[in-house]
1. In the stretch 150-204, how many are among the acidic types (Asp, Glu), buried (at least 16 other Cβ atoms within 10 Å of the Cβ) and outside any helix (DSSP H, G or I)?
2. Return the total of residues in the stretch 149-164 being more than 24 Å from THR129 (Cα to Cα) and either of a type in the set (D, E, K, R) or in contact (Cβ under 8 Å) with a residue 12 or more places away in the chain (or both).
3. Determine whether the stretch 88-96 contains at least one residue that is over 17 Å from the mean Cα position of the chain (by Cα), over 21 Å from LEU154 (Cβ atoms), of a type in the set (Val, Ile, Thr) and in a helix (DSSP H, G or I).
4. Run ALA102 past the list (1) free of Cβ contacts under 8 Å to residues at least 12 places away in the same chain; (2) closer than 28 Å to TYR235 by Cβ; (3) not in a helix (DSSP H, G or I) and report the number of the one that doesn't hold.
5. Which residue is surrounded by the fewest Cβ atoms within 10 Å (Cβ to Cβ), if the candidates are limited to the stretch 67-78 and must be more than 14 Å from the chain's Cα centre (by Cα) and not in a helix (DSSP H, G or I)?
6. Tell me, please, whether a residue that is charged (D, E, K, R), closer than 15 Å to PRO42 by Cα, touching an Asp or Glu at 6+ places or on another chain (Cβ under 8 Å) and at pLDDT below 95 can be found in the stretch 229-247.
7. For the stretch 53-112, give me each residue that is among the acidic types (Asp, Glu) and in contact with a Ser or Thr (Cβ under 7 Å, 6 or more places away or on another chain).
8. Exactly one condition in (1) within 20 Å of the chain's Cα centre (by Cα); (2) surrounded by fewer than 16 Cβ atoms within 10 Å (Cβ to Cβ); (3) not assigned by TED's automatic domain parsing to the domain that holds LEU160 is not met by LEU40; state its number.
Amino acid sequence: MTSLHPNRRVDPGVPVFDKSTPLFEQIYAHLYERILRFDLAPFQMLSEKLIAESLDVSRTPVREALARLAEHRFVDILPQRGTFVSPLRITDLEKSQFMREAIEIALLRRVFEHPDRGQAIRELRNEITLQRAFVEMGDQDRFYGSDDAFHGLLAKYARLPAVIEEIRRVKMHMDRFRVLVIAGVEDLGGVITQHQDIVDAIETDDAFEAERLLLRHLRRIFAYVDRAMALHPDYFEGGTRRTSNQGAVAS
């Protein structure tokens, strides 16, 4: 189950690095995952030296990983002050959601052109069945894995499976907000209902309704932002900052 531990430092274990991928990319992925899950909280100070020591690596790949995180707006590097986990910014959410929406609406339109929509509908319904099971199990991680797979099927049946990786990239900030939202705000049953409605519209060959329902689905996160801000005001830009000067233990 997805964890959210805003008030304590979490040690998820030292990752095992391999030689098939550049080291800084693996460190980037490790730190991003910790930021995503709020193991490293917004405004927390990150120490390049401590991260390198905890991961038993040199400081160079850590510096490169932090630079890429800064490029993607997950950390802020402030001259003369240090490096900090970026706060949640509504502008980042809006950009992320806008780009994802543009891609997925285009994919949905192409799904209606597929010669075997029946197979697409069967696979989409199978994914919804899995989602119901994961909700009953209380397994949020696997639920959202299935949620991503559901949307990936749109790319598959749009005959553009390579776009899936691009969707993953553009929705990274949406995913960060999503982790915060599912910590006590979002109704997963409602997500399943929206998925079901989209598939029903595809099955009845109602492209206009399917597009309307997908837009509603992809924009639902905005309905939860105010509640998330009320629960965690210190995580948002402009909120009460809880800056830590203890550095990051990224082991």
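The values are calculated or read from the model by the stated rules, or taken from the named source; none is laboratory data. Keep in mind the model is a prediction, meaning the values are calculated, not measured. Counting neighbours? That spans all protein chains shown, and the Cβs are built from the backbone with ideal geometry, glycine included.
1. The number of residues fulfilling the criteria is 1.
2. 2
3. No, the stretch 88-96 contains no residue that is over 17 Å from the mean Cα position of the chain (by Cα), over 21 Å from LEU154 (Cβ atoms), of a type in the set (Val, Ile, Thr) and in a helix (DSSP H, G or I).
4. Going through the list (1) free of Cβ contacts under 8 Å to residues at least 12 places away in the same chain; (2) closer than 28 Å to TYR235 by Cβ; (3) not in a helix (DSSP H, G or I), ALA102 breaks only (3).
5. Once the filter is applied, the top-ranked residue is LEU78.
6. Checked against the condition, which is being charged (D, E, K, R), closer than 15 Å to PRO42 by Cα, touching an Asp or Glu at 6+ places or on another chain (Cβ under 8 Å) and at pLDDT below 95, the stretch 229-247 yields at least one hit.
7. Matches in the stretch 53-112: ASP76 only.
8. Unmet condition: (2).
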